[in-house]
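What follows is a structure written as C-alpha cells; I'll ask about it next.
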Amino acid sequence: CQGPALRDTDTMDTFVDSSWYFMRYADSKNSNQPFCSKKASNLLPVDVYIGGIEHANLHLLYSRFFTKFMFKQGMYTLKGDTTEPGQDEPFKQLVTQARIIVIGMVHGKTFKDPILGRFLKPDEISTGITPVVSFEKMSKSKYNGVDPETTINNYGADATRLHILFKAPVSEVLEWEDASIIGMQRWIARVWRLVENVSEKVSENVSENVSENFSENVSEKVSEKISEKVPSASNYSPNFDLSILSKKDKETYRIINVTIKEVTADYKNSTFNTAVSSLIKLTNHLTSISPLQNDNASKNSIVDSPIYEYGVKTLVKMMSPMAPSIGEELWEILNQGKQHTTSVFEELWPEVDTECLSANEVTCVVQINGKMRFSIMIPSTILQDNLSIEKLILESENGKKWIWKVNADKKIKKIIHASGGKIVNFVFDKS
C-alpha cells in the first residue's frame with residue numbers, strides 16, 4: 001500500500017478459532033502461551049459439549065485435528081488413568097441439537113395463505129381464510145416467533161423451562177406450542193400440594209399461591225419470597241429398616257429408588273424429557289397415597305411416614321435443577337422452623353438403595369387360550385418357579401372361576417410361561 005498500515009490478522013475461517021477455544025478456558029488469562037500445560041492436562045478433554053447441528057461435522061473434524069495435534073506435540077498430557085481411551089479427543093460427550101433433517105432447533109406454528117402461499121401474521125388468521133398450518137424454523141419473515149418475556153410473564157420461568165426440556169429430546173426439533181406449558185404448571189401445582197402435606201407449617205400467603213388451576217404468574221409470587229434468604233433442612237439421609245416397613249411403604253420406597261436411578265442417568269445423558277417423565281410418575285404415586293386422595297385415611301399416619309417425607313424431599317431435590325425457583329421455594333416450605341439450613345442446591349444428591357430396586361411383588365397376567373382373562377400379584381422371589389406360580393393362580397378366586405368352572409369340562413393341554421413368569425397362558429383342548 002506504499003505507506004503505514006495496520007496488518008489484518010483475521011484471515012482464517014471462524015471454525016479455525018472455535019476448534020480450540022475451549023482449551024483456552026483452562027488458562028484464559030495467560031498472556032505468554034495459549035494455555036498452561038498443567039492446567040490443560042487437569043481439565044481436558046471437555047466433559048460435555050453442546051452445540052447446533054453444524055458442530056456435528058466440520059467443527060468436530062477441525063476440533064479433533066487441533067486436539068490431536070496439540071496432544072501429540074505435548075502441549076497437554078494424559079491425566080489420571082493413562083489407559084483410559086479418548087484423552088486425545090476434544091470432547092467426552094458431544095450433544096448436537098436438532099439432529100434431524102429439518103434445520104432449526106425450535107420450530108413455531110406457521111400459517112400460510114392457501115392460495116397465495118405467503119406467510120400470514122397472527123392478526124391475519126381470522127380473516128375467513130383457512131390457513132395451511134405447519135411447524136417451521138422461527139423467523140421474522142414467517143411471523144412465527146415467540147417472545148420469551150411474554151411467555152415467562154404468562155406462565156412462569158420454571159414452567160417454561162420444564163416445557164422446553166420435556167417437549168422434545170435435546171437432539172431433536174422442538175415444536176413450540178404455548179398450550180403445552182399448562183401441563184407443566186399443573187405438575188408444579190401437584191408437587192406443591194405434596195410439599196404442603198409434609199411441611200411443619202404452611203403460612204396462609206404460601207397456601208394462597210396455589211389453587212386448583214394454579215396461578216399463571218406463579219414465578220412472580222415465588223420470586224418475592226426467594227429474594228429473602230432461603231433456608232432448608234440439613235441433609236436428609238434415609239436409614240430405613242426395610243424389615244419393619246409396611247407393604248405400602250416398601251413399594252413407595254422401591255419406586256423412589258427406581259426414580260433416583262432413572263433420573264440420575266437421564267441427567268448424565270442429557271435426556272431431560274425422560275427425567276421429567278420419571279419425576280411426574282413419582283409425583284403420581286405420591287399423590288395416590290396422599291391424604292388428598294384418601295378420604296378414609298388418617299392424614300397424620302400418611303404425612304408422618306418417613307418414607308412419604310423422603311419421597312417428597314427427593315422429588316423436590318431432583319426437579320430443582322430444571323425448576324430452580326420453584327425448587328428453592330418448595331425446599332424452604334419443607335424445612336420451615338429448622339435451624340441448620342442450606343439451599344437445595346447445597347444438598348447431597350439422592351443415592352440409590354440398590355437392595356430395594358426389585359419389587360417384592362409383581363403382576364402376573366393370566367391368559368386362557370391366548371386371551372387375557374385376569375391378573376394376580378405374585379412374590380417376585382418365585383418368578384422362576386413355574387409350579388409355585390401355577391399353584392397361586394389355581395388357588396386364586398379368578399383361577400377357580402376361569403380354570404375350574406368356565407373350563408371345567410376341558411383338559412389343560414399345556415401351560416406356557418413367558419416374560420420370566422409375568423405371563424402365564426393356560427391352553428385347553430378345544431374338545
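Tell me, which strands (runs of 3 or more DSSP E) wholly within the stretch 334-429 include 1 or more residues that are out of contact with any Cys (no Cβ under 9 Å at 6 or more places or on another chain) and basic (Lys, Arg)?
Strands (runs of 3 or more DSSP E) meeting the threshold: 371-379, 412-418.
Follow-up question, since we're still on this one. Here are some conditions: (1) out of contact with any Asp or Glu (no Cβ under 9 Å at 6 or more places or on another chain); (2) within 30 Å of Leu315 (Cα to Cα). Met377 meets all but one. Which one does it not meet?
Here Met377 meets the rest and fails (1).
Of the residues Val202, Val170, Val198, which is modelled with pLDDT under 90, open to solvent by 40 Å² or more (accessible area, probe 1.4 Å) and under 22 Å from Ser278 (Cβ atoms)?
Val170
Among the residues of the stretch 317-346, how many are loosely packed, with under 15 Cβ neighbours inside 10 Å and not acidic (Asp, Glu)?
5
I'm trying to understand the selection: among the residues of the stretch 406-419, which are of a type outside the set (A, V, I, L, M) and open to solvent by 40 Å² or more (accessible area, probe 1.4 Å)?
Once the filter is applied, which keeps residues that are of a type outside the set (A, V, I, L, M) and open to solvent by 40 Å² or more (accessible area, probe 1.4 Å), the stretch 406-419 yields Asp409, Lys410, Lys411, Lys413, Lys414, His417, Ser419.
Can you say whether Trp349 is at pLDDT 90 or above and open to solvent by 40 Å² or more (accessible area, probe 1.4 Å), as far as the supplied structure shows?
yes
Kindly check whether there is at least one residue in the stretch 145-163 that is over 20 Å from Thr274 (Cβ atoms), among the small types (Gly, Ala, Ser) and open to solvent by 40 Å² or more (accessible area, probe 1.4 Å).
Checking the stretch 145-163: at least one residue is over 20 Å from Thr274 (Cβ atoms), among the small types (Gly, Ala, Ser) and open to solvent by 40 Å² or more (accessible area, probe 1.4 Å).
Please work out which residue is nearest to Thr342 (Cα to Cα), limiting yourself to the stretch 293-317 and to residues that are in a helix (DSSP H, G or I) and at pLDDT below 65.
Ranking the candidates gives Val303 first.
Is there any pair linking a residue in the stretch 12-29 that is free of Cβ contacts under 8 Å to residues at least 40 places away in the same chain and closer than 20 Å to Leu58 by Cα to one that is open to solvent by 20 Å² or more (accessible area, probe 1.4 Å) and in a helix (DSSP H, G or I), with Cβ under 9 Å and at least six apart or on different chains, and which?
Note: pairs meeting the criteria are Asp13/Tyr62.
Here is a follow-up. May I ask you to list the residues in the stretch 7-55 that are more than 17 Å from Met70 (Cβ to Cβ), assigned to a loop (DSSP other than H, G, I, E, B) and more than 34 Å from the chain's Cα centre (by Cα)?
Correct list: Arg7, Asp8, Thr9, Asp10, Thr11, Asp13, Lys29, Ser31.
Considering only residues that are closer than 25 Å to Asp113 by Cβ, in contact (Cβ under 8 Å) with a residue 24 or more places away in the chain and open to solvent by 40 Å² or more (accessible area, probe 1.4 Å), which ones fall in the stretch 173-187?
Answer for the stretch 173-187, where residues must be closer than 25 Å to Asp113 by Cβ, in contact (Cβ under 8 Å) with a residue 24 or more places away in the chain and open to solvent by 40 Å² or more (accessible area, probe 1.4 Å): Glu175, Glu177, Asp178.
Still on this structure: Among the residues of the stretch 318-333, what is the count of those that are in contact with a Phe, Trp or Tyr (Cβ under 9 Å, 6 or more places away or on another chain), farther than 30 Å from Ser246 by Cβ and in a loop (DSSP other than H, G, I, E, B)?
Of the residues in the stretch 318-333, 2 are in contact with a Phe, Trp or Tyr (Cβ under 9 Å, 6 or more places away or on another chain), farther than 30 Å from Ser246 by Cβ and in a loop (DSSP other than H, G, I, E, B).
The values are calculated or read from the model by the stated rules, or taken from the named source; none is laboratory data. Every value quoted in this text rests on a predicted model; they were computed, and no experiment measured them. Positions of Cβ are generated from backbone atoms using ideal geometry, with glycine treated the same way; all protein chains shown enter the neighbour counts. Each accessible area value is taken on the protein alone, full model and side chains, heavy atoms only, with ligands, DNA and RNA left out. Shrake-Rupley method; radii C 1.70, N 1.55, O 1.52, S 1.80 Å.
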